[in-house]
Amino acid sequence: MKMNNYVNYLVYNMLKTTIISSIIIFILIFLKMFLFKRFSKKFNYYIWLIIIFRMLFFMFNYSINLFTDTPEKYFIINNISNFNNNIKKEISISFFILLIWSIGTTLYLYLVLSKYLKFKDLIIDTSFEVENESINNIYYNLLSELNINKTITLRYTEELESPAGMGLFKSYILLPTIPYDIDNIYWILKHELIHFKNKDILTKFLVVLTKSLYWFNPLVYIMSKKIAMDCELCCDESVINNCSLKEKKAYGMTLLKSIELSSVTDRELLTIEFNKSDLEERLKSIIDSKRKNGIILGILIFIITITSFLEINILQTMYKNTPSENNTRHLGYEFAETIDYTYETAPEKYRKMYEKSCKVLGKIPQKSDKIEVSTKSNSIIK
């Protein structure tokens, strides 16, 4: 595929995906207010991954072309000078859009990643080992209980006011130097380890990548906040799974304690903090945790989303029509004078135009294909 065609293809798919994803985001937000409340927090969280998947793979687009069979196929070029000008205009606009989009994406990623890397380096460089034997015992018992084999380093830090997990590849759980009770430490560590078990940091990375690609779409920022909240609710649900009412209350009290000892900070990427975000809703969900899993509905939404990659084009080839002089006068048509070529004998300029049309139609040019060129502008050809 030539560069100009690729630019047009890329811009078209990006704009198409922006429209489709915006509609889906709006629908999901609406459904979450009513229908999806009866489903689990896990369902409400992971359903976002479907739209994330659709947006990240925007460059894929599959067309199904439906043709009618005709004895002779013609490619008609009418008003040649305008045809060429329109192509050049379309290419220049597409290139300009692609350039602006690329600059925005690069700038967004640079700002977010540079901010995060500076923050991570500061935290890790100033952190120190946890020497409390009770805390270490709780931590290693939880690793075994949750079947987590990945190496996740536990450390103290004075740079954070709330516990946090960070690191997509080399992972850390960081505890602030705040006097938490041992019971609180258990729930805090379990919460952070569940985030790692659920691959929530990877999801955060995908969300940031999506925001960098669609930085111009305000609905993507709304979606990002919704995903962050659903991530915490899903984690809470996993933490208290199969817990007694007494244990649920203990976990809720740990959330309340976090309000007294910490403040909410905003980390854009690869950091998950144990904080007070939307505390009221989280406390309600801790008590009311019996909900439907929504697997069948999730599969249905996934299938519907996948179909948005497909385009069905109904194309009709043009017939050569040479009406009699009497019919011409009766219908009031003015027929243009034309020059007929075959693909094999046509001038190079017309051959290239025909090749471009064939790419759009999904066909391969044949030597015997006929090309009919109008010699008058603004003519009507039937």
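Before moving on, here are some points about what is shown:
- Selection over segment 112-135 of residues that are polar (S, T, N, Q) and under 22 Å from T210 (Cα atoms) gives a count of 1.
- Among the conditions (1) at pLDDT 75 or above; (2) within 30 Å of I51 (Cα to Cα), the only one that I371 does not satisfy is (2).
- Test result for I87, at pLDDT below 90 and touching a strand residue (DSSP E or B) at 6+ places or on another chain (Cβ under 8 Å): no
- Residue among L146, L160 that is without any contact (Cβ under 8 Å) to a residue 60 or more places away in the chain and assigned by TED's automatic domain parsing to the domain that holds A250: L146
- Highlighted here are the helices (runs of 4 or more DSSP H) found entirely within segment 1-59 that include at least 2 residues which are modelled with pLDDT of 90 or more and more than 13 Å from the chain's Cα centre (by Cα): 3-33, 41-46.
- Some residue of segment 164-174 being within 26 Å of the chain's Cα centre (by Cα), of a type outside the set (D, E, K, R) and more than 19 Å from T153 (Cα to Cα): no
The values are calculated or read from the model by the stated rules, or taken from the named source; none is laboratory data. Just so you know, these numbers come straight off a predicted model, no measurement behind them. Backbone-built Cβ (ideal geometry, glycine too); neighbour counts: all protein chains shown.
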